[in-house]
1. To make sure I understand, if each residue's beta carbon is the centre and we count other beta carbons within 10 Å, what order do 66, 3, 205 fall in, fewest to most?
2. If each of residue 191 and residue 72 carries a label point 7 Å out from its Cα toward its Cβ, how far apart are those two points in nm?
3. Sorting check: for 101-108, 169-176, which peptide has the highest mean count of neighbouring beta carbons within 10 Å, and how do the rest follow?
4. Where does each of 204, 85 land when they are ranked from fewest to most other beta-carbon atoms within 10 angstrom?
5. When 18, 142, 165 are ordered from fewest to most other Cβ atoms inside 10 Å of their Cβ, what list results?
6. Full-extension gain between residue 138 and residue 224, please, as 0.36 nm times their residue separation minus the C-alpha to C-alpha distance.
7. Determine the relative contact order of segment 1-150: mean sequence separation of Cα pairs under 8 Å and six or more apart, normalised by residue count, in whole percent.
8. Can you compute the label reach from residue 168? Point 7 Å from Cα along the Cβ direction, backbone N cut-off under 16 Å, restricted to segment 104-120.
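Read-outs: derived from the displayed coordinates by stated rules, not from any lab. Remember, it's a predicted structure, so these values are computed and weren't measured experimentally. Every residue, glycine among them, receives a Cβ derived from its backbone with ideal geometry; neighbour counts consider all protein chains shown.
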Ligand SMILES: [Zn+2]
């Protein structure tokens, strides 16, 4: 990765406005899996408001294993840190990411558009109070509001959606960009800002990005996940919330366990 970063630096030195687009690839070495390779049940558990509300322990365990443990125990990767350094030197003007791990900000980047939300964009699912601090997820259990309601991160209450304010920010940036660098991204949510990219911008990518058919396939996959979520949200029984209550009585543990 270091040699790639060095190569990118030379492109960056010739640009007055550089935007970096990142995806799951930049977080893999911190232990966070690529969403493309997740099992549907994990995606469902991580994205379901009803699971969060009725089975907060099961929810936390899924979130801890797939995201929170890597975030809090491993933290930002060398790529996140290098990008933060480049931004600090004035060489990068913004980072657009589909990642919900908040690791760019943890690494010190200031201008980050988290277009799919993150664990730092939270609200109480009962009263709506906002809690925009990722550290509320590092207390061993699903965070609760002072009103008693469970707190959910944006990807949960949006059902794998895009955060409008962040997508608008991303559009403004790509309109101004002279150079766009794509790292570890597969084209998810490209549709939300792709049409706004400055026609004269130089685009540097590790691979061809993105193919129209590939984008359509990904959107279809997201749609099917969302359709599945809506079915499950209407049917509490198949989610086994009664089982969790029984399990709780037997175990009485608070800390998350590995699957
Ligand atoms: Zn509340």
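1. Values: 66 20, 3 7, 205 14.
By the 10 Å Cβ count, ascending, the order reads 3, 205, 66.
2. Between residue 191 and residue 72, the label points sit 3.6 nm apart.
3. Values: 101-108: 22.2, 169-176: 19.2.
Answer by packing, highest mean first, reads 101-108, 169-176.
4. Values: 204 18, 85 15.
Lowest to highest Cβ neighbour count: 85, 204.
5. On the way: 18 27, 142 22, 165 12.
Fewest to most other Cβ atoms nearby, the residues stand as 165, 142, 18.
6. On the way: separation 86, 0.36 × 86 = 30.96 nm, distance 3.11 nm.
Answer, rounded to one decimal: 27.9 nm.
7. On the way: 200 pairs, mean separation 33.9, N = 150.
Relative contact order for segment 1-150 comes out at 23 percent.
8. The answer is 113-117, whose backbone nitrogens lie closer than 16 Å to the label point.
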